[in-house]
Number of protein chains: 2
Amino acid sequence: MSSPRPIDDRLITTFGRLVEAYSQLERRLGGALQAETGLPHVWFEVLLRLARSSQGQLTMSTLADEAALTTSGVSRLVDRLLAAGYVERRPCPTDRRITYAAITDAGREVLDRAAVVHARNLRRTFADFDPDDLNTLDALLDRLRRTATA
Amino acid sequence: MSSPRPIDDRLITTFGRLVEAYSQLERRLGGALQAETGLPHVWFEVLLRLARSSQGQLTMSTLADEAALTTSGVSRLVDRLLAAGYVERRPCPTDRRITYAAITDAGREVLDRAAVVHARNLRRTFADFDPDDLNTLDALLDRLRRTATA
DNA sequence: CAGATATGCTTGCAGAATCAGATATTGACA
DNA sequence: TGTCAATATCTGATTCTGCAAGCATATCTG
């Protein structure tokens, strides 16, 4: 016969868990990545999206969406990646408003090196998750991602 | 017969999904919360932990752990919450190094109001998740949180 | 009990993200 | 065509966060 306080709402707790799980993992894995490869986690995520895209390039806006940053944030982030030699800016031949961020060979190199390290750390973190668990998690996260984007 | 590039590692993709799902939700729901109640999402999370704790108070360190911030970050955050009148600092009678952050009545009020709004937004976001889905998600996130903390 | 070490919190400084606003280009439509 | 709205990006000011260092208090050890 407990009084249902607003703060005890079930979904608030679930969402809190998501926040906490993400933050802990981000801190631990992101920190390890940077310590072992010198690559900040955000850089890794950005380079990853670029490397996986068809021409190795994305518009600033698309990149902002995928990295969950503002275009402003991406603009400066690309500045730093540019200074490091990991990306370059390319004009769009058909729409002069658009600038592409394109990954360089140097970018692909550090990314590949970092990916190996990151994958190893992830295997340790997810050690007691069997394939079924992972599939379930993937599916749930994907649904969340899509409902949030919509 | 695809060459297995390091960046196509399965866990990297899963983790990428977690990052994206979290970021999208945080942006959308956090933004909505602030727009509709004036309460930044971090403030909400902090007040929530305090309100749920036994005496309505936690040490700065504990709060830092739970909110996934550094003690430094919490120190300043509590400064701001203090200025807003939502928390107060209390000395610990037995250990004078410790400072408690305690939620005030005003803090509980805004928190309750915000919780109602937040819960409504969450119900919309999780509309097509049935109880089984939620339980599964909870369990997986909890395992992740614990492996990360360990 | 004295000295060394550990713990809890706060502050100076610097890095990075956001918001708001400016600029440039494109597309739509009367 | 000329004007107006929409789109894509960048920049200035502000805010928040973390790291490193510092101060005060507590605990351990010989």
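Among the residues of the stretch B:119-132, is there at least one that is over 15 Å from A:Gly16 (Cα atoms), out of contact with any His (no Cβ under 6 Å at 6 or more places or on another chain), among the β-branched types (Val, Ile, Thr) and surrounded by 17 or more Cβ atoms within 10 Å (Cβ to Cβ)?
Looking through the stretch B:119-132, none of the residues is over 15 Å from A:Gly16 (Cα atoms), out of contact with any His (no Cβ under 6 Å at 6 or more places or on another chain), among the β-branched types (Val, Ile, Thr) and surrounded by 17 or more Cβ atoms within 10 Å (Cβ to Cβ).
Can you pull out every residue in the stretch A:98-113 that is free of Cβ contacts under 8 Å to residues at least 40 places away in the same chain and within 14 Å of chain B (Cβ to nearest Cβ)?
Those that are free of Cβ contacts under 8 Å to residues at least 40 places away in the same chain and within 14 Å of chain B (Cβ to nearest Cβ): A:Glu109, A:Asp112.
Looking at (1) under 16 Å from the mean Cα position of the chain (by Cα); (2) assigned to a helix (DSSP H, G or I); (3) within 11 Å of DNA strand D (Cβ to nearest atom), can you tell me which one B:Arg80 breaks?
If we test B:Arg80 against (1) under 16 Å from the mean Cα position of the chain (by Cα); (2) assigned to a helix (DSSP H, G or I); (3) within 11 Å of DNA strand D (Cβ to nearest atom), just (1) comes out false.
Given the condition within 23 Å of B:Gln24 (Cα to Cα) and at pLDDT below 95, answer yes or no: does some residue in the stretch A:71-84 qualify?
Within the stretch A:71-84, not a single residue is within 23 Å of B:Gln24 (Cα to Cα) and at pLDDT below 95.
Would you mind telling me which numbered condition in (1) touching a residue at least 12 places away in the same chain (Cβ under 8 Å); (2) more than 16 Å from DNA strand D (Cβ to nearest atom) B:Val116 fails?
In the conditions (1) touching a residue at least 12 places away in the same chain (Cβ under 8 Å); (2) more than 16 Å from DNA strand D (Cβ to nearest atom), B:Val116 misses (1) alone.
Tell me which residues, restricted to the stretch B:114-140, are more than 7 Å from every other protein chain (Cβ to nearest Cβ) and either in contact with a Leu (Cβ under 6 Å, 6 or more places away or on another chain) or within 24 Å of B:Ser54 (Cβ to Cβ) (or both).
B:Ala114, B:Asn121
For B:Leu137, only one of the following conditions fails: (1) touching a Phe, Trp or Tyr at 6+ places or on another chain (Cβ under 8 Å); (2) under 19 Å from A:Arg10 (Cα atoms); (3) surrounded by fewer than 17 Cβ atoms within 10 Å (Cβ to Cβ). What is its number?
Only one criterion in (1) touching a Phe, Trp or Tyr at 6+ places or on another chain (Cβ under 8 Å); (2) under 19 Å from A:Arg10 (Cα atoms); (3) surrounded by fewer than 17 Cβ atoms within 10 Å (Cβ to Cβ) is unmet by B:Leu137, namely (3).
Counting only residues that are without any contact (Cβ under 8 Å) to a residue 60 or more places away in the chain and either within 22 Å of B:Thr104 (Cα to Cα) or of a type outside the set (Asp, Glu) (or both), how many does the stretch B:19-37 have? Walk me through it before giving the result.
Of the stretch B:19-37, the ones without any contact (Cβ under 8 Å) to a residue 60 or more places away in the chain are B:19-24, B:26-27, B:30-31, B:34-35.
Going one step further and asking which of them are either within 22 Å of B:Thr104 (Cα to Cα) or of a type outside the set (Asp, Glu) (or both), we end up with B:19, B:21-24, B:27, B:30-31, B:34-35.
Number satisfying all stated conditions: 10.
With respect to the numbered conditions (1) of a type in the set (A, V, I, L, M, F, W, C); (2) out of contact with any helix residue (DSSP H, G or I) (no Cβ under 6 Å at 6 or more places or on another chain); (3) within 11 Å of DNA strand D (Cβ to nearest atom), which one is the sole condition not fulfilled by B:Ala67?
(2)
Given the conditions (1) within 16 Å of DNA strand D (Cβ to nearest atom); (2) surrounded by fewer than 19 Cβ atoms within 10 Å (Cβ to Cβ); (3) within 15 Å of the chain's Cα centre (by Cα); (4) of a type in the set (Asp, Glu), and given that B:Glu45 satisfies all but one, which numbered condition is not satisfied?
Among (1) within 16 Å of DNA strand D (Cβ to nearest atom); (2) surrounded by fewer than 19 Cβ atoms within 10 Å (Cβ to Cβ); (3) within 15 Å of the chain's Cα centre (by Cα); (4) of a type in the set (Asp, Glu), B:Glu45 violates only (2).
Can you name the condition, by its number, that B:Ser54 falls short on among (1) away from DNA strand C (no atom under 15 Å from the Cβ); (2) touching a residue at least 24 places away in the same chain (Cβ under 8 Å); (3) away from chain A (no Cβ under 14 Å); (4) not β-branched (Val, Ile, Thr)?
If we test B:Ser54 against (1) away from DNA strand C (no atom under 15 Å from the Cβ); (2) touching a residue at least 24 places away in the same chain (Cβ under 8 Å); (3) away from chain A (no Cβ under 14 Å); (4) not β-branched (Val, Ile, Thr), just (2) comes out false.
Please verify whether B:Leu63 is within 17 Å of the chain's Cα centre (by Cα), more than 7 Å from chain A (Cβ to nearest Cβ) and either touching a residue at least 60 places away in the same chain (Cβ under 8 Å) or assigned to a strand (DSSP E or B) (or both), treating the condition exactly as stated.
Answer is no for this residue.
Checking the condition within 12 Å of DNA strand C (Cβ to nearest atom) and in contact with an Asp or Glu (Cβ under 9 Å, 6 or more places away or on another chain), which residue from B:Ala64, B:Ala68, B:Ala101 passes?
On inspection, the qualifying residue turns out to be B:Ala101.
Select from the stretch A:1-15 the residues that are more than 7 Å from chain B (Cβ to nearest Cβ) and either part of a helix (DSSP H, G or I) or in contact (Cβ under 8 Å) with a residue 12 or more places away in the chain (or both) and list them in ascending order.
A:Asp8, A:Arg10, A:Thr13
If you check B:Ser54 against the conditions, is it part of a loop (DSSP other than H, G, I, E, B) and either within 19 Å of the chain's Cα centre (by Cα) or of a type in the set (Val, Ile, Thr) (or both)?
Against the criterion (part of a loop (DSSP other than H, G, I, E, B) and either within 19 Å of the chain's Cα centre (by Cα) or of a type in the set (Val, Ile, Thr) (or both)), B:Ser54 qualifies.
The values are calculated or read from the model by the stated rules, or taken from the named source; none is laboratory data. All values reported here derive from a predicted model rather than from experimental measurement. Glycine also receives a Cβ, built like all others from the backbone with ideal geometry; neighbour counts cover every protein chain displayed.
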